[in-house]
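Asks: Structure provided below as structure tokens; questions to follow.
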Amino acid sequence: MKVAFLFGAGVSIPAKLPSTKCLTDQIFSGKGIVRGMAENYFFGEPQKFDYDPYQEFIPRIRTFLNLLKNELHEYYNDSKESVNYEDTYYLLDFIRKNIYGAEKNPAFKYLLKNFESTLNKLSAPIDPLINEKISLETLLNETIIYIKDSVILSLLKKPESYVGLSLLGEIISNNHFNTIDVFTLNHDLVIEEFLKSINKDFCEGFGKEVEGYRFWDQSLFELDNRINLYKLHGSVDWYYYDETSWEDRRICKCTSDIVWRDPRKPEILIGTYNKLAEYIKGIYLELFCRFYKTLNMHSYLIISGYSFSDKGINAKIIEWIYSGNKKMIIIDPLVNSLKEKVPSSLFRIWNDKNRINLIQNNIEKVSWNDINKIITN
């Protein structure tokens, strides 16, 4: 038997990792976040850095983020959507790409026009000894780094419990399953740490360690692995081996001492609709192709913790469920509210139990027996 999972941020909440809402509140409040000397941000005691004029970036970033948030709130005014840090990151990425010419969208200049008066105030010099205005490019880059660093540091937290993965553990211990494919949109390390805690070998696409590094090799997924883990949005422990090189763009995992010395940022995807553009690049193209190819080999897909906000993932799920005798099992304590968020193609078959089955519960309270009853009916 084969089984596939698709996990979102919700499955990490029982491990005491922050939810999307908690991350959003942290980022917009700026509480306990300090700017480092190397154009980075970390959690600390801000009062210890009061002498540093560059701490002034944080209130300006918060003002800028709230400006974007209000713009998004106005856009979502007629819907039940709430604005989170990923929505705001998408808007930041849109502005940055248009400033640098990576995109050319005529709506860009109208958006900036709305922000003009506030941006003029935010451009005032930060360092009293250097009478130089802060450019929009600098403010954008600082804000993007601020969000990424906040997310990464929050998700590096060690899991306190693996109860949210008890269903996965139960299926792993069931010898009837010879292939278990786990697709996750999470950047954290909860799933890897859980699999290590139960002494289970798994393939995550990285080879054996060589001098402290394990390099990405997607061909490892072609081997006869019982458990495969696909991190479709990257991970807090993925790095470019040489970020400055255009010739050596290998992704690697490092031992803890190498990561400690390494100032580079992990390779993760943040945002909403901007992820679509990233799915055709580098490691994400390889992972997205794996998702498409591997999912088509399964008849059942168990989904939990996912809010159906990724258009690229949704498109492949829709193709899959309409391609034949497929069944999707969605586990969520507020599963009925998801109906308003899913794409129209899924909305139309939401109550078709031959295709979609809903379990209104926390994933830690769901057992293999609950799933098996659905599959065998």
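The values are calculated or read from the model by the stated rules, or taken from the named source; none is laboratory data. Quick caveat: nothing in here was measured; it's all calculated off a predicted structure. Ideal geometry is used to build each Cβ from the backbone, glycine not excepted, and the neighbour counts take in all protein chains shown. Ligands, DNA and RNA are stripped out before the accessible areas are found, and what is left, the full protein with its side chains, is counted by its heavy atoms. Shrake-Rupley method; radii C 1.70, N 1.55, O 1.52, S 1.80 Å.
Asks: Give me the Kirkwood hydrodynamic radius of the range 180-233, using the inverse of the mean 1/r over all pairs of distinct Cα atoms, in Å to one decimal.
Replies: 11.9
Asks: How large, in Å, is the range 280-328 by the Kirkwood hydrodynamic radius built from its alpha-carbon pairs?
Replies: It works out to 11.6 Å.
Asks: Taking 8 Å as the Cα distance limit and 6 or more residues as the minimum spacing, I'd like the relative contact order of the range 230-377 as a percentage.
Replies: The normalised contact order for the range 230-377 reaches 18 percent.
Asks: Is the shape of the range 25-140 rounded, prolate or oblate, going by the alpha carbon gyration tensor and its root eigenvalues a ≥ b ≥ c, with a/c under 1.5 for rounded and a/b larger than b/c for prolate?
Replies: Since a/c reaches 1.5 but b/c is at least a/b, the shape of the range 25-140 is classed as oblate.
Asks: Net charge within 11 Å of Y306 by Cβ-Cβ distance, Lys/Arg positive one each and Asp/Glu negative one each, not counting Y306 itself?
Replies: Working: positive: K341; negative: D310, D332.
Surrounding charge for Y306 is -1.
Asks: Normalised by the empirical 2.2 N^0.38 Å for globular proteins, what value does the Cα Rg of the range 141-204 take?
Replies: Cα-based Rg divided by the globular estimate yields 1.41.
Asks: So how much slack lies between K293 and N372, counting 0.36 nm per residue of separation and subtracting their Cα-Cα distance, in nm? Working shown, then result.
Replies: Numbers: separation 79, 0.36 × 79 = 28.44 nm, distance 2.45 nm.
Gain on stretching K293 to N372: 26.0 nm.
Asks: Classify the range 228-377: rounded, prolate or oblate, from the alpha-carbon gyration tensor (a ≥ b ≥ c, eigenvalue square roots; a/c under 1.5 rounded; otherwise prolate if a/b is larger than b/c)?
Replies: Prolate shape, in that a/c is at least 1.5 and a/b is the bigger ratio.
Asks: So if I restrict to the alpha-carbon atoms in the range 177-293, what is the Rg, and what is Dmax, the biggest pairwise distance, in Å?
Replies: Taking only Cα atoms of the range 177-293, I get Rg and Dmax of 14.2, 43 Å.
Asks: Past 32 Å, Cα to Cα, is the threshold; run K69/K326; K16/K373; K133/K281; K158/K326; K104/K341; K31/K97 against it and keep the listed order.
Replies: K69/K326; K133/K281; K158/K326
Asks: Give the distance, in whole Å, between the Cα centre of the range 139-183 and the Cα centre of the range 336-371.
Replies: Distance between centres, Cα-based: 21 Å.
Asks: Extension gain N225-I318, at 0.36 nm per residue separation less the Cα-Cα distance, in nm?
Replies: 30.8 nm
Asks: Taking only C-alpha pairs under 8 Å that are 6+ residues apart, what is the relative contact order of the range 329-377 in percent?
Replies: 49
Asks: Among 163-171, 97-105, how do they line up from the highest to the lowest mean number of other beta-carbon atoms within 10 Å?
Replies: In descending order of packing, they fall as 163-171, 97-105.
Asks: Moving on to the next point. Based on Cα positions only, what radius of gyration and what Dmax would you give for the range 77-192, in angstroms?
Replies: Considering the range 77-192 through its Cα atoms, Rg and Dmax are 21.7, 70 Å.
Asks: Using a 1.4 Å probe on the protein chains only, how many percent of the accessible area of the range 1-152 belongs to carbon and sulfur?
Replies: Of the solvent-accessible surface of the range 1-152, carbon and sulfur hold 52 percent.
Asks: Moving to a separate point now. At 1.4 Å probe size, what's the solvent-accessible area of K16? Round to the nearest 10 Å².
Replies: Estimated to the nearest 10 Å², K16 gives 110 Å².
Asks: Can I ask one more? Given the rule -39500 (n - 2.57) for each run of at least 4 DSSP H residues, summed and divided by the residues of the chain, what is its mean residue ellipticity at 222 nm, to the nearest 500 deg cm²/dmol? Working shown, then result.
Replies: On the way: 14 runs with 147 residues, N = 377.
The helix-only estimate for the chain comes to -11500 deg cm²/dmol at 222 nm.
Asks: Here is a follow-up. Evaluate the distance, in nm, between pseudo-label points positioned 7 Å from the Cα of T118 and of S197 along their respective Cα→Cβ axes.
Replies: Going by the 7 Å Cα→Cβ label model, 4.1 nm.
Asks: Can I get the semi-axes of the chain's equivalent ellipsoid? Compute them from the C-alpha gyration tensor as square roots of 5 times the eigenvalues, in angstrom, largest first. Mind dumping the intermediate values first?
Replies: Numbers: eigenvalues 280, 125, 75 Å².
With the √(5λ) rule applied to the chain, the semi-axes are 37, 25, 19 Å.
Asks: When only Cα pairs under 8 Å and 6 or more residues apart are kept, what is the percent relative contact order across the chain?
Replies: 20
Asks: Leaving out ligands and nucleic acids, and using a 1.4 Å probe, what accessible area per residue does the chain come to in Å²?
Replies: 51
Asks: Which order do peptides 83-92, 212-221 fall in by mean Cβ count within 10 Å, highest first? Before the final figure, lay out each step's value.
Replies: Numbers: 83-92: 21.5, 212-221: 15.3.
Going by the mean number of other Cβ atoms within 10 Å, highest first, we get 83-92, 212-221.
Asks: If you project the alpha carbons of the range 326-365 onto the principal axes, what extent comes out on each, in Å, largest first?
Replies: 28, 21, 11
Asks: So which DSSP H runs in the chain come out at 24 Å plus along the axis (Cα) with average Kyte-Doolittle of at least 0.5? Could the numbers behind the result be given before it?
Replies: Details: long enough: 57-75 (27 Å, -0.21); 136-155 (29 Å, 0.95).
Correct list, ordered by number: 136-155.
Asks: Per the 1.4 Å probe, what fraction of the accessible area of the range 235-343, in percent, lies on carbon and sulfur atoms? Please report the intermediate quantities before stating the final value.
Replies: Details: 2780 of 5150 Å².
Summing carbon and sulfur atoms, their accessible area is 54 percent of the total for the range 235-343.
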